[in-house]
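The values are calculated or read from the model by the stated rules, or taken from the named source; none is laboratory data. It should be emphasised that the depicted structure is a prediction, and the values quoted were computed from it without experimental measurement. Note that each Cβ is placed from the backbone with ideal geometry, even for glycine, and that neighbours are counted across all protein chains shown.
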Amino acid sequence: MNSAASVIPSHATKFAVQVVTSVAPDVDAICVPVLTDGLVHEALGIDAATLSRAGFEAKIGAVLTLPKNPVTVVATGIGEASSLTVAGIRDAVAAFSVATGKAGRLAVHLEHVPDLNISDAAAAIVEGVLLARYHFDLRTTPAASVPVEKLVLIVEEAEVAAAQSGAERGRVTARAAMLARDLATAPAEMLTATRMAEVAVSLGEEFGFDVEVFDKEALVELGCGGLLGVNKGSAEPPRMVVMHYLPEGTPAGHLGLVGKGIMYDSGGISLKPGDLSHSQMKNDMTGAADILGAMTTLAALGCPAEITAYLMCTDNMPSGSAMQLGDVLVTRGGKTVEVLNTDAEGRLVMSDALVLAVEAGADAIVDIATLTGACLRTFGTEIAGLMGNNEDILAQVEAAAAATDEQVWRLPLPPRLRADLDSDIADIKNIGGVNAGAITAGLFLQEFVAGTPWAHIDIAGTAQAPAASRWIPRGPTAFGTRLLIELALRFRSPGQS
């Protein structure tokens, strides 16, 4: 198989969205939202009492399919009017999308959904429908569901323009998340560091951002000893992908993004155990995938900030030339790192990029990485860890997380735990003690930001879902893509936000 079972998705590029004031005749299934405490829309064709007798409760995620020729009508619970949120709407239409998996042309009634910003609701509906229906399938047999070809939003006349704007925003953000999912799901043999760089170049040309690719020779010249050290055991060469977006006019600020791009993580000499988690290590580049997905949206959404992003790409493999325990790496900027566990490699490749982001004059830096099993064990698979050195940038990340329903939770960076990283022969070692692994990883990264406002998002738990839920499929989730988009759109230099 060549790499063409292409890792660049077509999922949302062939998708059409329409906003109308009455039902279009050419749809296969219609979503009729139902409140627990409201009137039932006439489009459903039955009343609340009949729904109740059928056992339908209008809680979020509940669906009742009413076959009608030629269109299937689906009662879709959206909960109580008083507690309805944009996130709830996204979850509800995701359930509708899954329930109608064999229907490619969908419609959603929005006329009687109360007290929500129609633009935000439209964006959430498009995201929910598309992301819930996402699939990456290399099988030759037919898929269990079909792609969404068209989505029709039915709104009041006065809300058409706002709904159109929101729907387009949702299409752009959903496409970005599906791109990130594709990249994280693609087998490592298909998506090497070299191929990842090629994909970035292609996307930059298509979506309006600059891309510069640094090969091994260029990385040696830059002194990126962290990335080069991790790459030593690999037959595949490393790549650093630097992407740059500059808005028209005066930027609202300059945000640096750093993504861990370990294309496959065997653990290196510190080999991982041979369990199921090992087979999932093709997605250890999810941080880089999230950033690449986010970059594709900036021009279309009119991002007001300057963005410089770094994808640090290599696999981590054992071989006769691999990095060994006890080796000392010289990272960008000259700091020396003693390697005491080759499976703590993500922080090594990111250290070079953090220094480069500081040198580029970023007002703030946010890194994102599948970094520590400790974070997974602490928060599970629905909450990412958040750490940093600046209240303003941490608050901006939290606001973006809340707006996108990608939950983060702060962890402290106690200075006294820095001693756990002391080395006898180098400036720092790459692992701490048995405990507080997520925190000591954050403390390690903090060493390379030189006081620049910085936040670290650990997505080791959230990058992979053990089962499908809401608009999140089983497997790679692209958690962080939409968060980063929102962060970029809202970003202001710390102290000015």
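Can you go through Leu484, Leu413, Leu443, Leu489 and tell me which one is over 29 Å from Ala132 (Cα atoms) and not in a loop (DSSP other than H, G, I, E, B)? Exactly one residue qualifies, and that residue is Leu443.
Here's the yes/no breakdown for (1) among the hydrophobic types (A, V, I, L, M, F, W, C); (2) farther than 20 Å from Ala294 by Cβ:
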{"residue": "Arg416", "(1), (2)": "no, yes"}
{"residue": "Asp424", "(1), (2)": "no, yes"}
{"residue": "Ile428", "(1), (2)": "yes, yes"}
{"residue": "Gln446", "(1), (2)": "no, yes"}
{"residue": "Ile459", "(1), (2)": "yes, no"}
{"residue": "Pro473", "(1), (2)": "no, no"}
{"residue": "Phe491", "(1), (2)": "yes, no"}
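Only residues that are outside any loop (DSSP other than H, G, I, E, B) and modelled with pLDDT under 95 were counted in region 131-150, giving 1. Which is within 21 Å of the chain's Cα centre (by Cα), among the small types (Gly, Ala, Ser) and not assigned by TED's automatic domain parsing to the domain that holds Gly302, of Ala167, Ala162, Ala193? Within the list Ala167, Ala162, Ala193, the selection yields Ala167. Just so you know, in region 89-117 the residues that are β-branched (Val, Ile, Thr) and surrounded by 24 or more Cβ atoms within 10 Å (Cβ to Cβ) include one that is farthest from Ala162 (Cα to Cα), and it is Thr100. Within region 234-270, being surrounded by 22 or more Cβ atoms within 10 Å (Cβ to Cβ) and farther than 19 Å from Thr370 by Cβ holds for Met243, Tyr245, Leu255, Gly256. Run Gly475 past the list (1) at pLDDT below 95; (2) surrounded by fewer than 19 Cβ atoms within 10 Å (Cβ to Cβ) and report the number of the one that doesn't hold. It fails just one condition, (2). If the condition is being crowded, with 22+ Cβ neighbours inside 10 Å and touching a helix residue (DSSP H, G or I) at 6+ places or on another chain (Cβ under 6 Å), then region 57-72 contributes only Ile60.
For region 462-481, a residue qualifies if it is in a loop (DSSP other than H, G, I, E, B) and either over 15 Å from the mean Cα position of the chain (by Cα) or aromatic (Phe, Trp, Tyr) (or both), and the qualifying residues are Pro466, Ala467, Ala468, Arg470, Trp471, Phe479.
Select, from Thr21, Thr76, Thr36, the only residue that is β-branched (Val, Ile, Thr) and in contact with a Phe, Trp or Tyr (Cβ under 7 Å, 6 or more places away or on another chain).
Answer to the selection: Thr76.
For region 38-46, the condition holds for no residue, the condition being that it is of a type outside the set (Lys, Arg) and surrounded by 22 or more Cβ atoms within 10 Å (Cβ to Cβ).
Every residue, every condition in (1) under 24 Å from His278 (Cβ atoms); (2) in a helix (DSSP H, G or I), yes or no:
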position: Gln324; (1), (2): yes, no
position: Leu340; (1), (2): yes, no
position: Ala362; (1), (2): no, no
position: Leu376; (1), (2): yes, yes
position: Gly385; (1), (2): yes, no
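Apart from one condition, Ala121 fits all of (1) in contact with a strand residue (DSSP E or B) (Cβ under 6 Å, 6 or more places away or on another chain); (2) buried (at least 21 other Cβ atoms within 10 Å of the Cβ); (3) outside any loop (DSSP other than H, G, I, E, B); the exception is (1).
Out of all the residues in region 262-298, which are within 13 Å of the chain's Cα centre (by Cα) and not in a loop (DSSP other than H, G, I, E, B)?
Hits for region 262-298 are Asn283, Thr286, Gly287, Ala288, Ala289, Asp290, Ile291, Leu292, Gly293, Ala294, Met295.
Within region 380-410, restricting attention to residues that are over 30 Å from Ala122 (Cβ atoms) and without any contact (Cβ under 8 Å) to a residue 40 or more places away in the chain, the residue that is surrounded by the most Cβ atoms within 10 Å (Cβ to Cβ) is Arg410.
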